[in-house]
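Below: one structure, written as structure tokens.
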Amino acid sequence: MNKRLVFLLIWLHCTLVFSQKELTHEVYFDTDKFDIIPTEESRLLLFISNLSDIDIESISIFGFCDDIGADSYNLKLSQNRANAIKTVFSNNEISEDLISNVDGKGKILLKIVEEKNVIKIRGLNRKVEIIVKPKPSKKIEAKEEVTKEKVVEEPKKKTTPELLSGDLKVGDKIVFENILFKTGYSQVMPESKKILEEIAKVLVERKDIYFTIQGHVCCTQNTRDAIDRKTKLRNLSEARAEYIYDYFAKKGVDKKRMRHLGMRRKFPLGGDPKFDRRVEILITHVGK
């Protein structure tokens with residue numbers, strides 16, 4: 001193999017590995033409180049929104065208190081602060097499976113540094129520390145020879161437009177594959193627009209079917225709905241279904257043939273959480 005190519009592959013591998021740094025964020029609390037103040041919640045949501053494009057390996061959440069108060073009280077308060085942050089992650093479609101630690105560490109001893117304002121120092125100690133660890137990059141291996149193996153082709157899976165064009169009956173449920181949503185929002189990802197347009201074209205032609213658009217979310221606790229970051233309302237699954245409904249209506253699908261419904265997190269698919277941020281349609285009537 002060309003030596004320059006080998007060097008390039010090694011350089012690329014090293015660059016990818018060392019670029020995977022931990023991301024950190026701190027949330028600050030009022031004295032004796034574990035409710036998140038609005039300004040700190042806004043900062044936290046901005047931090048969470050920046051995690052959308054990161055392949056996360058683990059998230060650690062550590063709660064702390066200042067040095068005032070009994071140890072037992074501070075341990076409980078710091079744990080409540082950590083739990084409050086975990087709830088925000090869950091409400092904004094960050095899977096709890098990624099959260100490896102949620103620990104209250106108790107008080108931070110007062111350290112007199114250059115900052116002379118003791119009240120300010122204690123304020124900085126009333127916090128939760130968040131550490132997000134990205135998955136390591138896959139190792140790139142340079143091989144001079146590629147062993148040819150016999151590839152067994154699997155039957156080609158039908159696309160969503162193909163399924164909608166075929167035979168349908170009442171009760172059929174069709175998942176809109178490759179229609180993915182940004183974490184915490186009702187708008188589809190840019191790469192999903194093309195396939196969504198193809199689905200709309202089929203539904204305009206299939207005037208014989210009536211259906212319910214069902215929206216879903218991932219990662220929330222106890223089948224709850226997630227919070228729509230745009231509106232701050234806990235109705236994200238409904239907002240996703242309504243977004244698709246409005247899109248189809250603009251493309252010419254008769255509104256009389258459609259309804260939309262939020263399913264919260266009642267029916268997770270399992271596997272990668274991003275596939276639970278989805279919509280699917282339930283066929284409710286097929287004309288002759």
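The numbers here are math on the coordinates, done by the rules we state, and not lab data. Keep in mind that what you see is a predicted model, and the values were worked out from it rather than measured. Positions of Cβ are backbone-derived with ideal geometry, glycine not excepted, and every protein chain shown enters the neighbour counts.
The mean sequence separation of alpha-carbon pairs under 8 Å and at least six residues apart, normalised by the residue count of the stretch 30-87, gives a relative contact order of 44 percent. What whole number of Å gives the distance from the Cα centroid of the stretch 149-219 to the Cα centroid of the stretch 82-111? The stretch 82-111 and the stretch 149-219 have Cα centres separated by 36 Å. Under the convention that each Lys and Arg Cβ holds +1 and each Asp and Glu Cβ holds -1, the size of the dipole of the stretch 18-134 around its Cα centre is about 480 debye. Using the average count of surrounding beta-carbon atoms within 10 Å as a protection proxy, the listed peptides 78-88, 220-230 rank, highest first, as 78-88, 220-230. Shown here for the stretch 29-134: GluC sites (Glu not before Pro) in loop regions (DSSP other than H, G, I, E, B) with at most 14 other Cβ atoms within 10 Å, namely Glu114, Glu115. Between the residues Ser58, Gly104, Leu23, the greatest Cα displacement towards the positive end of the dipole of the stretch 18-134, with unit charges on the Cβ of Lys, Arg, Asp and Glu, is found for Gly104.
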